[in-house]
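Input: a single structure, listed below in structure tokens.
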Amino acid sequence: MSVIVQAQETLQPEIVSKKTVLSGIQSTGILHIGNYVGALSLWAANQSQYNNLFMVANLHTLTVPEALNPTELRRKSREVAALYIACGIDPGESIIFLQSDVPAHTYLAWILGCCTPVGWLERMTQYKVKAAAQETVGSGLLNYPTLQAADILIYKANYVPVGDDQNQHLEITRDIAQRFNHLFGEYFPLPETLNRRSGARIMGLDDPAQKMSKSIAAKKQGHAVALLDSPATIKKAIMGAVTDAGGEIQFATASPGVKNLLVLYEVLSGDSQSAIEAHFAGKGYGALKRELVDLVVATLQPIQDKFYKLMDDEQGLNELLSAGAAKASLIANQTVADVRQLVGV
Ligand code: TYM
């Protein structure tokens, strides 16, 4: 334990007392407003309070290898990193890196996998859903949670800010940490999940019974607002969102489709629910949709401008990611050294 503190001291002596945050996004599909609301905006808002590590989970993307094109994966991974920065993650405040650039994650994942009963992995909802959609299920898909546990535990993260679809992965991470600690001695702190109170699960605009998802967004127009959509596409998606035959705007009684639009409005405007209800009283869903279009366009415009500038500077982004991986490796390699001692290899 004390060795890790030394690693942090070498890294950033002035913020050693801060708690550590880690989170990540897979470099698959199309990043959407749900990823922004549930994860990215939360990471950006709380940066100064914590030591932060934000990684692009490109090794997790390999768990469904049939869907992959290597050139596209390389490009997408860089795009996700650029979107982190464009969405407000400050590389001066937070370590940004590609998961694959810190090989210690996969080393720790092996050791944690050896401490993880197969039954725990087979019970994971995401595994069951994804495996049902595959002809051949790779063992990487089953072991997905042990790599995610390694991502988190390798930095001894205290907090993991995510949308609520990731909560089961956080529960198993704590179970794996406890099992390791039980077998080899108290070493890993148990990470806590950070979810937004409102906005932890943004639903599909076309189907409010289904979570807004990157894979559906890549196939179906009108399901999501992608972070790089044009104002015209954003307008089409939001104006076409499923609502109901009523017209009253109340958070407590809204149907799922209207509630989804209200939650988006709430998070993006920063206004309170009562102020939003007062603002839209008697105006109907058309007004809500039109104002939400303006709000989403105004939120995404500066993000898109910054994103394209970052993507234009290939060398700058490469240098930033290499520096991030070097800083992350300092911590990760120390954890692996400690774990090797603890397990006797
Ligand atoms: P991923 O790539 O599916 O999603 C990235 C983040 O976006 C959140 N999210 C949502 N939030 C609100 N509404 C939605 N509709 C919505 N859809 C997605 C997710 O909850 C997540 O926070 N397994 C992870 C990646 C990962 C990771 C990690 C996360 C790998 N290692 C370690 C945290 C810590 C995943 O597939 O997220």
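The values are calculated or read from the model by the stated rules, or taken from the named source; none is laboratory data. Please read all numbers here as calculations on a predicted model, not as lab measurements. Here Cβ is always computed from backbone atoms with ideal geometry, including for glycine, and neighbour counts include all displayed protein chains. For accessibility, only protein heavy atoms count, side chains too; no ligands or nucleic acids. Shrake-Rupley method; radii C 1.70, N 1.55, O 1.52, S 1.80 Å.
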task: State all residues of the range 134-143 that are within 15 Å of the ligand (Cβ to nearest atom) and at pLDDT below 90; if no residue qualifies, say none.
output: none
- line: Scanning the range 245-271 residue by residue, the ones that are at negative phi and within 25 Å of the chain's Cα centre (by Cα) total 15
query: Of the residues in the range 21-32, how many are closer than 18 Å to K211 by Cβ and more than 6 Å from the ligand (Cβ to nearest atom)?
result: 5
query: From the set of residues in the range 185-196 that are open to solvent by 70 Å² or more (accessible area, probe 1.4 Å) and either of a type in the set (D, E) or over 23 Å from L142 (Cα atoms) (or both), which is farthest from the ligand (Cβ to nearest atom)?
result: E186
Leading residue by the ranking (nearest to the chain's Cα centre (by Cα)) among those in the range 197-206 that are in a loop (DSSP other than H, G, I, E, B), crowded, with 20+ Cβ neighbours inside 10 Å and near the ligand (Cβ under 10 Å from one of its atoms): A200
- line: Screening Q250, Q301, Q334, Q273 for residues that are in the same structural domain as S77 (by TED's automatic domain parsing) and either under 26 Å from A224 (Cα atoms) or open to solvent by 30 Å² or more (accessible area, probe 1.4 Å) (or both) leaves only Q334
query: Of the residues in the range 207-231, how many are of a type in the set (S, T, N, Q) and either within 13 Å of the ligand (Cβ to nearest atom) or on the phi > 0 side of the Ramachandran plot (or both)?
result: 3
- line: Quick count over the range 33-54, residues being within 7 Å of the ligand (Cβ to nearest atom) and either open to solvent by less than 10 Å² (accessible area, probe 1.4 Å) or touching a Phe, Trp or Tyr at 6+ places or on another chain (Cβ under 8 Å) (or both), is 2
task: Could you tell me whether the range 144-162 includes any residue that is over 19 Å from L112 (Cα atoms), in contact with a Gly (Cβ under 9 Å, 6 or more places away or on another chain), open to solvent by 40 Å² or more (accessible area, probe 1.4 Å) and within 8 Å of the ligand (Cβ to nearest atom)?
output: no
field: Residue among A157, A150, A177, A131 that is of a type in the set (G, A, S) and in a loop (DSSP other than H, G, I, E, B)
entry: A157
query: If you go through the range 163-184 one residue at a time, how many are of a type in the set (S, T, N, Q) and away from the ligand (no atom under 13 Å from the Cβ)?
result: 2
query: Can we say I111 is surrounded by fewer than 21 Cβ atoms within 10 Å (Cβ to Cβ) and either touching a residue at least 60 places away in the same chain (Cβ under 8 Å) or not in a helix (DSSP H, G or I) (or both)?
result: yes
